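The values are calculated or read from the model by the stated rules, or taken from the named source; none is laboratory data. Please read these numbers as outputs of a predicted model, since none were measured by experiment. Quick reminder, even Gly has a Cβ in these numbers, built from the backbone with ideal geometry, and neighbours come from all protein chains shown. Note: accessible area is taken over every heavy atom of the protein model, side chains too, but ligands, DNA and RNA are not part of it. Shrake-Rupley method; radii C 1.70, N 1.55, O 1.52, S 1.80 Å.
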Amino acid sequence: MKRVTILGATGSVGTSTLDLIERAPDQFQVVALTANSDVAGLARAALRTNAKLAVVADPACLQQLRNALAGSAIEARAGPEAVCEAAGMGADWTMAAIVGTAGLRPVMAALETGGTVALANKEALVSAGEIMTAAARTAGTTLLPVDSEHNAVFQCLDGTAPERVRRIILTASGGPFRETSLQDMQGISPAQAIAHPNWSMGAKISVDSATLMNKGLELIEAFHLFPVRADQLDVLVHAQSVVHSMVEYVDGSVLAQLGTPDMRTPIAYALAWPDRMETPCERLDLAKIGRLDFEEPDYIRFPALKLAREALAAGGARPAILNAANEVAVAAFLAGAVKFLEIAAIVYDTLARYDPAAPQSLDAVLAIDAEARARAAERVKDCVV
Ligand code: NDP
């Protein structure tokens, strides 16, 4: 029995993880499940899986959670500290699927505890990559990538020496506005932006996919996960989302991982690694798909990708500022306070006006994150919708 904890159990990745775990009850035992405020979803999942502990990050939800779990032996707790404690309970396998910077401390707690951490919360590596990976090395924690692109790269790294890798190519669907003119992009609504053509995901990552910031965050994530330089990381737009990423070797071989766009495949790979497990995912039918298309990304219509590339090249505090400003800008866009094209502009201006020294600890990263958020929030006020 693998003892499993899911951070962000009520989200898109969290529920896909639960789906796999519940299909193999003889293989997995749930230690802890966490959410922010979705008490009903969390309680349902905890009762179904007979979890030991259920935690809501929002302290105001504690009584509601206690009521929902009344009569069961499941412990109910609340608050950000309780989420970190759940992360550090020593499960064999932890899914890190909280969205955004809110996941940083819980991810760190899991990495410091050992076992295996399956990482979906890309923002943790974007903002604090060196600090997180160093913590994993020190504790002997196995860090497995869940993001479909990084999971694909991980599968394509065949054990050849790292210096024989020429390039890592992250594929991007291009999002819902791949063919939309810059002029038409002015009026994009939140509903249009979260309607991803291939993947069903949470709101924040869906908007990131629409601006291509998601691919930018993934470049930074890849830099921290794999032994390559920033200039060995490329992005290729591939609208069908069948090839999830590729590794090119010095001999000219290019290895790719393919599959239908269903997060349960990379999650299952991380759950069963180094073995593999059955999933209910639709099987890939290449004859039916017929053709696979690829094109260069358009850095003019999708400036967020360029900003992320520049932040990666500059290093230091730049990726954390990029990420913080993006979270603020995306939240403002979803709330109807800024236009779609202003998301990248807010990130650009925040980066231009704030340039602190490289953070050396998680506390320093979080202080930079807080300051960048405050500055981005000020910039949001300049926007008139
Ligand atoms: P969702 O928005 O669907 O879910 C987010 C989860 O985090 C929910 O369980 C939510 O709880 C919880 N949460 C939100 N805020 C807080 C907080 N302040 N403290 C504690 N928990 C919180 O996101 P996704 O599942 O789409 O994405 C999760 C992460 O995985 C993101 O970093 C994303 O970039 C990454 N990812 C997602 C993919 C996908 O297919 N969805 C693919 C690859 C990576 P509640 O429900 O109560 O709000």
Which ones in the range 121-148 are farther than 27 Å from Val242 by Cα and surrounded by 19 or more Cβ atoms within 10 Å (Cβ to Cβ)?
Ser127, Ala128, Gly129, Ile131, Met132, Ala135, Ala136, Thr141
Those residues of the range 156-173 which are under 30 Å from His196 (Cβ atoms) and either surrounded by fewer than 20 Cβ atoms within 10 Å (Cβ to Cβ) or away from the ligand (no atom under 16 Å from the Cβ) (or both), in sequence order:
Cys156, Leu157, Val165, Arg167, Ile168, Ile169
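Quick grid of which residues meet (1) near the ligand (Cβ under 9 Å from one of its atoms); (2) under 24 Å from Arg264 (Cβ atoms):
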position	(1), (2)
Thr15	yes, yes
Leu20	no, yes
Ala35	yes, yes
Leu53	no, no
Residue count, the range 349-373, condition open to solvent by 50 Å² or more (accessible area, probe 1.4 Å) and in a helix (DSSP H, G or I), comes to 7
I'm trying to understand the selection: among the residues of the range 249-260, which are over 23 Å from the mean Cα position of the chain (by Cα) and open to solvent by less than 30 Å² (accessible area, probe 1.4 Å)?
Tyr249
Being under 14 Å from Pro297 (Cβ atoms) and open to solvent by 50 Å² or more (accessible area, probe 1.4 Å) narrows it down to one of Glu179, Glu218, so name that one.
Glu179
From the list Met263, Met277, Met213, exactly one residue is open to solvent by 20 Å² or more (accessible area, probe 1.4 Å), within 16 Å of the ligand (Cβ to nearest atom) and aliphatic (A, V, I, L, M). Which is it?
Met263
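Is it the case, given these coordinates, that Met89 is open to solvent by 80 Å² or more (accessible area, probe 1.4 Å) and touching a helix residue (DSSP H, G or I) at 6+ places or on another chain (Cβ under 9 Å)?
yes
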In the range 328-348, anything open to solvent by 30 Å² or more (accessible area, probe 1.4 Å) and part of a helix (DSSP H, G or I) is listed as Ala331, Leu334, Glu342, Ala345, Tyr348
Could you tell me which of the residues Gly11, Gly41 is within 11 Å of the ligand (Cβ to nearest atom), farther than 22 Å from Ala124 by Cα and either open to solvent by less than 40 Å² (accessible area, probe 1.4 Å) or among the aliphatic types (A, V, I, L, M) (or both)?
Gly41
Out of the range 153-179, which residues are without any contact (Cβ under 8 Å) to a residue 12 or more places away in the chain and of a type in the set (A, V, I, L, M, F, W, C)?
Ala161
Are any residues in the range 296-308 in a loop (DSSP other than H, G, I, E, B) and not aliphatic (A, V, I, L, M), and if so, which ones?
Glu296, Pro297, Asp298, Tyr299, Arg301, Phe302
Among the residues of the range 86-106, write down those that are out of contact with any strand residue (DSSP E or B) (no Cβ under 7 Å at 6 or more places or on another chain) and within 13 Å of the ligand (Cβ to nearest atom).
Val99, Gly100, Thr101, Ala102, Leu104, Arg105
Condition check for Asp293: part of a loop (DSSP other than H, G, I, E, B), without any contact (Cβ under 8 Å) to a residue 60 or more places away in the chain and more than 21 Å from the chain's Cα centre (by Cα)
yes
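Residues that are within 24 Å of Ala372 (Cβ to Cβ): list the helices (runs of 4 or more DSSP H) wholly contained in the range 13-131 that include at least 2 such residues.
Once the helices (runs of 4 or more DSSP H) in the range 13-131 are filtered for at least 2 residues that are within 24 Å of Ala372 (Cβ to Cβ), what remains is 80-87, 104-113.
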Of the conditions (1) touching a residue at least 24 places away in the same chain (Cβ under 8 Å); (2) outside any helix (DSSP H, G or I), Ala311 fails just one. Which one is it?
(2)
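Determine whether the range 107-118 contains at least one residue that is more than 20 Å from Ile21 (Cβ to Cβ), within 11 Å of the ligand (Cβ to nearest atom), touching a residue at least 24 places away in the same chain (Cβ under 8 Å) and surrounded by 22 or more Cβ atoms within 10 Å (Cβ to Cβ).
no
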Count of residues meeting criterion [more than 21 Å from Pro266 (Cα to Cα) and either without any contact (Cβ under 8 Å) to a residue 12 or more places away in the chain or assigned to a helix (DSSP H, G or I) (or both)] in the range 133-152:
5
Somewhere in the range 72-81, is a residue out of contact with any Leu (no Cβ under 7 Å at 6 or more places or on another chain), of a type in the set (Asp, Glu) and buried (at least 24 other Cβ atoms within 10 Å of the Cβ)?
no
